[in-house]
Each structure stands twice: as structure tokens, then as C-alpha cells.
Amino acid sequence: MSDTIFRDALVSILSEIFNGPPGEMAYLLNPGDPGLLKQLESIDAATASSRPMPGNTTIAAHVDHVLYGLTLLNRWAAGEENPWADADWEASWKRRTATSEGWKTLVANLAIEAGRWGESLAKKKEWNPISACGAISSAAHTAYHLGAIRQILAAGEK
């Protein structure tokens, strides 16, 4: 497989996760699914901050965690050798609530970082095992959190 085919496929999958499938063709989500960003824009801060299942985390915490991961990936894409060396993943789970304005900012920042990551991948010409695994894991990681967020939403509807 050529680097171009790999890159284009990866960019397509990430775009589908964040923005929904572009048409009737879908790989992870159902056709017509809004994707993560539109899903998040459709909920309010109170919903993002609620804990419908005792002891479990909130949508706001999931979003902050995904945003943190994308920020690290974008630092890496910008040339920082190892932004994970001092990463504090536990801290990325500490935001459990958000005000209305804070929620809008959190979702907007996620959209910005997701766009930056997608642009970085779209420009990438050469891949090695580390960059390929890092990029693939970003799609898997985000898809996992999209599913977790939807489970929290479903639990809150009961």
C-alpha cells in the first residue's frame, strides 16, 4: 500500500469520526450520523456535566481528555520530539463540569485541534511504524470516546 493511500484513508476515517460520513459511504458510523462534533454541539453544558451513572465520568471529561490527546498529537506533528514525556493523562480527566460558555469553548477547541490534526495528517508524505501507529490510534481512541459519550447520553435518557 502506498503512503498516499494510507494517508488518504486515515484522513477520511478521522473526518468521518469528527464530522460524520460525507455521504452514503461510511466506514465506522452509519450514513447520516452527525459525527462527534455535531453531536457535542447538540448538547448543553448541563447534559455534558451530568453523571447519569453513579461513579462514572461525564461527557465534559471525555471531551477534555480527547482534546488533551489531540493537543499532544499536534505538538508532535509540529516537530516536538516527545510531547508525551511529561503528559499528565490523569489531569485530562479532572474537568467534569462546564458552564455554558465553558462548554462552547471546550467543543470549539476540540474542533480546532481536530482540524489541525487532520491537516497535519493530510500533508504527511512519509510514514514509519511510530507515526502510522500514532495516527491510527488517534482514530481508534476518538471513536472509543464517541461511543462512550453516546452511552452516557443514552443513560441520561432513561
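The values are calculated or read from the model by the stated rules, or taken from the named source; none is laboratory data. Note that this is a predicted model, so its numbers are computed, not measured. Virtual Cβ from ideal backbone geometry, glycine too; neighbours counted across all protein chains shown. Note: areas computed on protein heavy atoms with side chains; ligands, DNA, RNA excluded. Shrake-Rupley method; radii C 1.70, N 1.55, O 1.52, S 1.80 Å.
Computed values, structure above
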item	result
Burial order of peptide ranges 90-101, 13-24 (average beta-carbon count within 10 Å, highest first)	13-24, 90-101
Nonlocal amide H pairs with Arg95, under 5 Å, H built at 1.01 Å	none
Order of exposure, largest accessible area first, which applies to Trp103, Trp84 with probe 1.4 Å	Trp84, Trp103
Counted charge near His62, where neighbours are those whose Cβ lies closer than 14 Å (Asp, Glu -1; Lys, Arg +1)	+4
R0 of 22 Å, Cβ-Cβ distance Glu24-Arg150: FRET efficiency to nearest 0.05	0.55
Label point distance in nm, Lys94-Glu81, each placed 7 Å from Cα along Cα→Cβ	2.8
Partners for Lys123 among aspartates and glutamates (Cα-Cα distance below 15 Å; same-chain residues under 8 apart left out)	Asp3, Asp8
Accessible surface, the chain, averaged per residue in Å² (probe 1.4 Å)	56
Long-range amide H partners of Gly20 with built H, under 5 Å	Gly35, Leu36
Per-residue ³J(HN,Hα) for segment 61-77, Karplus 6.51 cos²θ - 1.76 cosθ + 1.60, θ = phi - 60°, Hz, x for Gly and Pro	5, 4, 5, 4, 5, 5, 4, 4, x, 5, 4, 5, 4, 5, 5, 4, 5
Carbon + sulfur, % of accessible area of the chain - ligands and nucleic acids excluded, 1.4 Å	55
Set of aspartates and glutamates near Lys94 by C-alpha distance (under 14 Å), chain-local residues within fewer than 8 positions excluded	Asp64
With Cα atoms, 0 to 90° folded angle of helix 100-123 axis to the chain main axis	10
